[in-house]
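Asker: Can you keep this structure in mind? I'll have questions shortly.
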Amino acid sequence: MTSNDAGVLADERRRLLHQLEVERNQLMRNIETCRIRDIDRTFIGEWSLKDIVGHIATWEAEVVKAIRELRQDARPALLDFDQSQIDRWNQDHVERKRELDFWSVLEQLRGGRTRLLEELDALGDEELASEGSVYPRLVHSVLDHDREHWHEIAARLAGMSGARHTGPVSVPEEAASTS
């Protein structure tokens, strides 16, 4: 690899990490803009704000798990996720967090991002930024997921009936497209 190639990969790594920060910051701003009553009441579709935050945290945890599995030379289960089960899986995982208070779920979201960044720090630039690598696809799935949900929250806060589609429907769909 030439120094130019190394520079390009380092730049791509910085760009990905910056995008992670931008999308998560926007998500957090939109969450913080919501009213207290939105935490446990139906907010978007059948889900409360707490359900949405828990859903995002759960998927990010799945991506962290997939990155760890890849680093251990194992095929992540996430890459073989059965798309026909996504609605059921999402609902099951939302239900698991319903008994938690909002602040605990929000802390899971924050902790998940910390763990994701720790996993990404353990990767070299080539692993994280090379075209064809699964790692950047997983990162993009997290970016797209944050973006999808912050757009939905923003649309709801603006009194709009829905948000424009911003990317893949789900984290596993995005990640699996690389397998």
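The values are calculated or read from the model by the stated rules, or taken from the named source; none is laboratory data. These numbers come from a predicted model, not from an experiment. Every residue, glycine among them, receives a Cβ derived from its backbone with ideal geometry; neighbour counts consider all protein chains shown.
Asker: From the set of residues in region 37-55 that are buried (at least 21 other Cβ atoms within 10 Å of the Cβ) and in contact with a Leu (Cβ under 6 Å, 6 or more places away or on another chain), which is farthest from D87 (Cα to Cα)?
Answerer: F43
Asker: Against the conditions (1) outside any helix (DSSP H, G or I); (2) touching a helix residue (DSSP H, G or I) at 6+ places or on another chain (Cβ under 8 Å), where does G112 fall short? Just the number, please.
Answerer: Going through (1) outside any helix (DSSP H, G or I); (2) touching a helix residue (DSSP H, G or I) at 6+ places or on another chain (Cβ under 8 Å) one by one, G112 breaks only (1).
Asker: Here are the criteria: (1) surrounded by fewer than 20 Cβ atoms within 10 Å (Cβ to Cβ); (2) under 24 Å from L157 (Cα atoms); (3) among the small types (G, A, S). Tell me which single one G7 does not satisfy.
Answerer: (2)
Asker: Could we say that E69 is under 20 Å from L109 (Cβ atoms), part of a helix (DSSP H, G or I) and among the charged types (D, E, K, R) here?
Answerer: no
Asker: When you go through (1) part of a helix (DSSP H, G or I); (2) at pLDDT below 95; (3) in contact with a Lys or Arg (Cβ under 8 Å, 6 or more places away or on another chain) one by one for V105, which number turns out not to apply?
Answerer: Condition (2) is where V105 drops out.
Asker: So which of E127, E173 is in a helix (DSSP H, G or I), of a type in the set (D, E, K, R) and modelled with pLDDT under 90?
Answerer: E173
Asker: Which condition number in (1) out of contact with any Ser or Thr (no Cβ under 9 Å at 6 or more places or on another chain); (2) at pLDDT below 90 is the one that L143 fails?
Answerer: For L143, the failing item is (2).
Asker: Scan region 85-100 and tell me whether some residue there is under 13 Å from I67 (Cα atoms), touching a residue at least 24 places away in the same chain (Cβ under 8 Å), of a type in the set (D, E, K, R) and buried (at least 16 other Cβ atoms within 10 Å of the Cβ).
Answerer: Scanning region 85-100, I find no residue that is under 13 Å from I67 (Cα atoms), touching a residue at least 24 places away in the same chain (Cβ under 8 Å), of a type in the set (D, E, K, R) and buried (at least 16 other Cβ atoms within 10 Å of the Cβ), so the answer is no.
Asker: On the basis of being of a type outside the set (A, V, I, L, M) and farther than 16 Å from L143 by Cα, does R71 make the cut? I'd like the intermediate steps shown before the answer.
Answerer: Values: of a type outside the set (A, V, I, L, M): yes; farther than 16 Å from L143 by Cα: yes.
Yes: the conditions hold for R71.
Asker: Now a separate question. Just checking, how many residues over region 1-56 are closer than 30 Å to K97 by Cβ and either in a helix (DSSP H, G or I) or out of contact with any helix residue (DSSP H, G or I) (no Cβ under 8 Å at 6 or more places or on another chain) (or both)?
Answerer: Result for region 1-56: 34.
Asker: Being surrounded by fewer than 18 Cβ atoms within 10 Å (Cβ to Cβ) and either of a type outside the set (G, A, S) or free of Cβ contacts under 8 Å to residues at least 40 places away in the same chain (or both) is the filter here, so list the residues in region 112-131 that pass it.
Answerer: Listed by number, the residues that qualify are T114, R115, L117, E118, D121, G124, E126, E131.
Asker: If V64 meets every condition in (1) at pLDDT 95 or above; (2) more than 16 Å from V134 (Cβ to Cβ) apart from one, which number is that one?
Answerer: Failed condition: (2).
Asker: If you don't mind, there's one more thing I want to ask. So S84 passes all but one of these: (1) at pLDDT below 95; (2) assigned to a loop (DSSP other than H, G, I, E, B). Which condition number does it fail?
Answerer: All conditions are met except number (2).
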